[in-house]
Amino acid sequence: MKRATILLSFGAVLAFAATAALAEGNIENGKAKAATCFACHGADGNAVDPQYPRLAGQYNLYIQQALHEYKDGRRNNAIMKGFVATLSDQDIEDVAAYFSSLPGKLGTLHGHIQGDGDGAK
Amino acid sequence: MTRLQLLGLTAAAALFAAGAHAEGDKAAGRKLVYTCNGCHGVVGYENAYPRYPVPKIAGQNEQYLLNALHEYQSGERTHPTMGAQAQSLSDKDIADIAAYLSSLAK
């Protein structure tokens, strides 16, 4: 019982630390730092070339997660690896804040599945 | 002249390759994404650990989606849930899903 309590509080602390580690960044600073991203992902975050993901309106913390994964090698992409190497944790927060703040074409699947009655598009 | 013909042949081959890259079937994709909806259809739904929202995928670019699903399938990109999901998909399923999702751009 005591062990369970200890484990639980340990887990809670970890969860809190994980949340706190991914903070919201500064949009204006992010815009300046994101200039290198524009060539592929578009200045408006809506990549035209279909091989590159659209970032506009994507979740802030998901973009941060992706950048951290590129940085530590969990996610492997030669181009992104090079760019992300130059970004500090603060840069990652700021760039993610910028792209997630843009109006985009992305959405969740809500309303888009069979049976939702919105008609196939 | 021979070089020119060779160039033409290369161009034709490239065109053919582009055509052979099968267009996905959106209607079939719409049925397949039923499973994806469990996580990707819930606004702000979060991955358990580490905690971050599962990405918005409706309206994402087609080739990126194709690459992502194939990478999850091969293990090049790792995520427990996505790895398992991708295992159950055929190449055609992946093409259909990518075609449907990319067509949802707002």
In the stretch A:36-82, trypsin sites (Lys or Arg not before Pro) in a DSSP loop with at most 15 other beta-carbon atoms within 10 Å: A:ARG74
Nearest-20 debye value, the stretch B:23-102 charge dipole, Cβ charges on Lys, Arg, Asp, Glu: 280 debye
Over 18 Å (Cα to Cα) - which of A:LYS105/B:LYS56; A:LYS33/A:LYS71; B:LYS56/B:LYS106; B:LYS56/B:LYS92 fall in this group: B:LYS56/B:LYS92
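For A:THR108, B:THR78, what ranking results if the residue with the fewest other Cβ atoms within 10 Å of its Cβ goes first?
With the sparsest Cβ surroundings first, the list reads B:THR78, A:THR108.
No value in this document is a laboratory result; all are computed from the given coordinates. All values derive from a computational prediction rather than experimental measurement. Positions of Cβ are generated from backbone atoms using ideal geometry, with glycine treated the same way; all protein chains shown enter the neighbour counts.
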